[in-house]
Amino acid sequence: MPKLEPLFNPKSVAIVGVSVDPNKIGSVILRNMIDAGFAGDLLPINPKYTNVFGHECYPSLAQTGKQIDLAVISVPADKVLGVMQDAAQAKVKFAVIITAGFRETGAAGGDLEQQVLRIARSAGIRLLGPNCLGISVPGSSVNASFAATQALPGNVAFVSQSGAFNTALLDLALERNLGFSHFVSIGNKLDLSELDFLEDFYADPQVKVIGMYLEEFSDGNDLVSMIAQHPEKKVVILHPGESEQSKSAISSHTGSLAGSSRVIKTALRQAGAIQVETFEELFNVLWILEAGFKVTQNTVAVVTNAGGPGIMLTDMLVKAGIQVPKLSEQTQSELKQVLPPTASTHNPVDLVGDALAERYASAIDILEKDQSIGTIVVLVTPQLVTQVEDTAKLVYQHMIEGEKQIVPLFMGGEFVEPAIKRISSYNQPVFQYPEQLVSALGKLLDSKTPSVPNLILPIQGKYLAEVDAQTTTELKPLSQGLVYQMATEAGIDLPRQKLISTMDELMGFVGEVHYPVVLKARAEDILHKTDAKALYLNIHDVEELHAAFSELSTTLTNQNPGKPVQMIAQEQIGTGEELLIGVKRDGRKDVYLPTGRGFGHLILFGKGGIYTEIYKDLASVLVPATTRELTQLIAEPKVGQIIAGARGKAPLAQDKLIFLLESIQKLVLRYPQIAEIDINPAIITTDRCVAVDIKFLTQL
Ligand code: COA
């Protein structure tokens, strides 16, 4: 039995705060329950009345003397605690708190909310809200919300953090005939969050697709692993990002490129969720999925009665990353047999302006047999002879009976309106604007199948105690010596190097590694070495060595007067590409523990060097990522092409780069205290990938 069964399918529903005034929210909820046809016990609660809208009204929950599955609370905020005590006494199972005026209004509201939670926890009451619109489950005739309309029954489960978003979606859904299995407003998520609902939605065979509007994630890590484990049911998420970005105060320079919005996008993409950016996209993607669309191969055939719109649509599809491939010889020759000589049998297939419904039918029949096509877009424009209704009927027939997924586009206004109405009245998606179709299809075909990483958590890091000793609530760099030890433990290829203070020590080191060498300041002394002239590359002889040593000594003494000079001498890595690898943690140190919240560590990858921030050509992946995902990560920014061997040059050691990225993953899982890593540059040559400059920052 689903955990939330008494909430989804209650036998008795009490509404606290009903009134004889039909416009009070409590009254609207009672009315909505009656209109939904709820067959269980409906129990209005208000001590002022004995009867409301023909229903016996009780002074309190406890005085109903009944087992109450669900109590909907719609009284002002200062009365909610009293009602919760009453609910505890009445042993209510679930409560929906509609009332606003809690955490969202400030500290006092937050305290009140916590008091409500304490009562709920000690009485075993599960809570939805507060500050929510309520819940509607059409399949069990429940509409415990104050929405202006009733949701139609269907297969979309929708959870939203904004009540207004719910009502807008519902309004559009009614017009287009889209139905819902569950329609939930989660408000402040004081107790039940999107995670609780997701768990039940996955277990419910009636739910075909899940939609979410979320402003913040209760636990990113849990959400992502839940979604990744259920590729059979798509989750469509709209997450408005700007507010997230402004929240993050990020210090180091990789951090400044990694807003939390990037973390969320990366995590959701990796999990296989479909991310949408607009209300329209959210609706359209849910609509298409509800109709049974399966995300298969990313290839589309367009069949149309209009050359121009067909070409325009093809351009738009291609721009959105959708393939519009050449049709097979077989398909083309079959098309030629049934189409007039003026028609085009390429993709888009142009049936020409006088195409009647039958011509569409013959072309679709042939296209359905072409194995290289995943989806057929049927584009109909209004021509004098176009049989709008007949074509709509025939397209619908193919949509439900045919072997291929079909998405109809009736482009135009008044003339095509009957087709739009007819197809949507059959519970199938249909579009009027090519932009809407392309953006929805693009989101669908772009969503990926999650790959579950086989990264078994490594044994505990050897240096845990030392790292802990240096980790505080402040974001701070770890000492370079410890960084070196931890990186070596993880198997990271580092340049040979030595901490030196004198020219003699420097000469000794050069004797071991040979020229050319590098001389530089320690990270804890100077953060941006190029800017502060604290990095000397390609030192070829003793003269250059002397010059670099004395200049750097002066710089360091000026920076930290009185402090003994220390610098790093390093072997110079041969010619290769400079890369940047950054890591940024979302959440705290406990992010991977059951109690932790957040998405975990994000790896950023791109071209390294001093212009990284200018190019902003970075790709990202969330830890733990599979080898396949790491390979895709490398290929995404432009530098990936150079690594693969561009313009006749030998390919660089991609396997070593993957090994480095895997080592970094192990490292952050061993030491979740690491809040940021900055490797800039890592140099990739034909046989090595060396972390030349490496910095770790920790924070609790
Ligand atoms: N038990 C039962 N009934 C009670 C009660 C109690 N302990 N305390 C008060 N009532 C009754 C009142 O007497 C009143 O009935 P009456 O008008 O017949 O006298 C009824 O409950 C409603 O109380 P009232 O004080 O009139 O409040 P209201 O209905 O104007 O507003 C809320 C209550 C909850 C709607 C309001 O406080 C609120 O939070 N509004 C915002 C809701 C919102 O936006 N939520 C988020 C949406 S996304």
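Observations
- Amide hydrogen neighbours beyond the local backbone of I406, cut-off 5 Å, H modeled: I376
- Of the GluC sites (Glu not before Pro) found in the range 265-325, those that fall in a DSSP loop while having at most 13 other beta-carbon atoms within 10 Å are E277.
- Overall form of the range 66-115 per C-alpha gyration tensor (a/c, 1.5; a/b vs b/c): prolate
- Total formal charge among the other residues, if their Cβ is under 15 angstrom from that of T375, Lys/Arg +1 and Asp/Glu -1: 0
- Note on K533: lysines with a C-alpha under 23 Å away, same-chain residues under 8 apart excluded, are K476, K498, K520, K563, K607, K695.
- Percent antiparallel among DSSP beta bridges (both partners in the chain, rounded to 5): 50
- Share, in percent, of DSSP beta bridges within the range 1-139 that are antiparallel, nearest 5: 10
- Gyration tensor verdict on the range 308-359 (Cα atoms; rounded if a/c is under 1.5, prolate if a/b is larger than b/c, oblate otherwise): oblate
- Interchain or long-range residues, amide H under 5 Å from I610's placed H: none
- Per-residue ³J(HN,Hα) for the range 49-61, Karplus 6.51 cos²θ - 1.76 cosθ + 1.60, θ = phi - 60°, Hz, x for Gly and Pro: 10, 10, 8, 10, 6, x, 10, 4, 10, 10, x, 7, 5
- Taken one residue at a time, the phi angles of the range 297-306 give Karplus couplings (6.51, -1.76, 1.60, θ = phi - 60°) of 5, 8, 9, 10, 10, 9, 10, 8, 9, 9 Hz. Gly and Pro are set to x.
- MRE, 222 nm, helices only [DSSP H, n ≥ 4, -39500 (n - 2.57), over the chain, to nearest 500]: -11500 deg cm²/dmol
- Prolate/oblate/rounded call for the chain, Cα gyration tensor, a/c under 1.5 rounded: oblate
- Protection proxy ranking, peptides 310-321, 14-25, average beta carbon neighbours within 10 Å, highest first: 14-25, 310-321
- Residues in the range 124-138 carry Karplus couplings, in order, of x, 8, 8, 10, 10, x, x, 6, 9, 8, x, 9, 9, 10, x Hz; the curve used is 6.51 cos²θ - 1.76 cosθ + 1.60 with θ = phi - 60°, and Gly or Pro positions show x.
- Summed side-chain charge close to G587 - residues other than G587 whose Cβ falls under 12 Å, Lys, Arg +1, Asp, Glu -1: +1
- Counted charge near P418, where neighbours are those whose Cβ lies closer than 12 Å (Asp, Glu -1; Lys, Arg +1): -1
- Packing rank of 502-509, 642-649, where each peptide gets the mean count of other beta carbons within 10 Å, highest leading: 502-509, 642-649
- In the chain, the portion of solvent-accessible area held by carbon and sulfur atoms comes to 53 percent [1.4 Å probe, whole percent, DNA, RNA and ligands not counted].
- Near the amide H of V380, within less than 5 Å, lie the amide hydrogens of L409, F410, M411, all on another chain or at least 5 residues away, with H placed in the peptide plane.
- Here is the list for the range 549-632: chymotrypsin sites (Phe, Trp or Tyr not before Pro) lying in DSSP coil, each with at most 14 other C-beta atoms within 10 angstrom of its C-beta, are Y611.
- For the peptides 551-561, 57-67, the ranking by mean Cβ contacts within 10 Å, running from highest to lowest, is 57-67, 551-561.
- Among the listed pairs K3/K91; K3/K93; K234/K393, those beyond 20 Å (Cα-Cα): K234/K393
- Accessible area (Å², per residue) of the chain, counting only protein heavy atoms and a probe of 1.4 Å: 42
The values are calculated or read from the model by the stated rules, or taken from the named source; none is laboratory data. Nothing here was measured: the structure is a model prediction, and the numbers come from that model. Cβ atoms come from the backbone with ideal geometry, glycine included; neighbour counts cover every protein chain shown. Heads up: the accessible areas ignore ligands, DNA and RNA and are worked out on the full protein's heavy atoms, side chains in. Shrake-Rupley method; radii C 1.70, N 1.55, O 1.52, S 1.80 Å.
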